[in-house]
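Q: Can you keep this structure in mind? I'll have questions shortly.
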Amino acid sequence: MKEILIGLMMATTFASAEGYTQGDRILDMQKMAQAMQDIQSGLLYNNVDIVKAGTKVLKETIIKIRPIDSEVNNKDIYEKWLQNDLKMTNRIQKKIRSHASTLEERFTDGDAVQALQEHSKVLGECMKCHVRLRKW
Ligand code: HEC
């Protein structure tokens with residue numbers, strides 16, 4: 001039983017360490033962009049369920065983001081260093097999850113203004129990666 005469990009754990013670790021393609025990442029990005037729009041609609045229409053559904057998708061998706069295989073195997077040292085900045089990615093992921101939780105809490109407490117501020121802090125973190133790490 002123990003061996004089976006360990007085997008299963010290794011299989012999932014292995015699966016998550018490889019095979020993340022550019023297509024997967026683009027889909028994840030689009031999912032998050034949609035979640036951000038949904039959250040905004042929820043705020044504007046004063047609908048806490050829509051806000052919660054959006055933060056849920058956002059928090060589940062942001063943790064999947066990582067360098068794709070071709071970036072991990074990039075021969076160009078500088079590009080590789082830039083694209084595989086896992087420390088920065090982890091930091092951004094943590095911040096986005098934390099802002100998303102605060103957003104949900106504030107809105108549930110009836111503070112839509114603070115919730116909106118958290119929404120824009122999340123976007124700021126998205127752009128940090130797009131601009132700083134990716135030089136877009
Ligand atoms: C750790 C880095 C990183 C973070 C954080 C990040 N992105 Fe991205 N984003 C990328 C990369 C890399 C691409 C380009 C994907 C590709 O074409 O391979 C991208 C592309 C996109 C695209 C374009 C997708 C398309 O259809 O071509 C959207 C939209 C997007 N991101 C939204 C977001 C949103 C919303 C957030 C925050 C909630 C976010 N991103 C956070 C790295 C990041």
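The values are calculated or read from the model by the stated rules, or taken from the named source; none is laboratory data. What you see is a predicted model, and the numbers here were worked out from it, not measured in a lab. Note: ideal-geometry Cβ built from the backbone for every residue, glycine included; neighbour counts use all protein chains shown.
Q: Being modelled with pLDDT under 95 and not polar (S, T, N, Q) is the requirement here; does Gly42 meet it? Reasoning before the result, please.
A: Numbers: modelled with pLDDT under 95: no; not polar (S, T, N, Q): yes.
It is false that Gly42 is modelled with pLDDT under 95 and not polar (S, T, N, Q).
Q: Next question. Collect the residues in segment 75-90 that are within 11 Å of the ligand (Cβ to nearest atom) and of a type in the set (Ser, Thr, Tyr), keeping them in residue-number order.
A: Within segment 75-90, just Thr89 meets the criteria.
Q: Considering only segment 73-113, state which residues are of a type in the set (Ser, Thr, Tyr), closer than 25 Å to Gly54 by Cα and without any contact (Cβ under 8 Å) to a residue 12 or more places away in the chain.
A: Ser98
Q: Considering only residues that are loosely packed, with under 13 Cβ neighbours inside 10 Å, more than 17 Å from Ala33 (Cβ to Cβ) and of a type in the set (Phe, Trp, Tyr), which ones fall in segment 80-136?
A: Correct list: Trp81 only.
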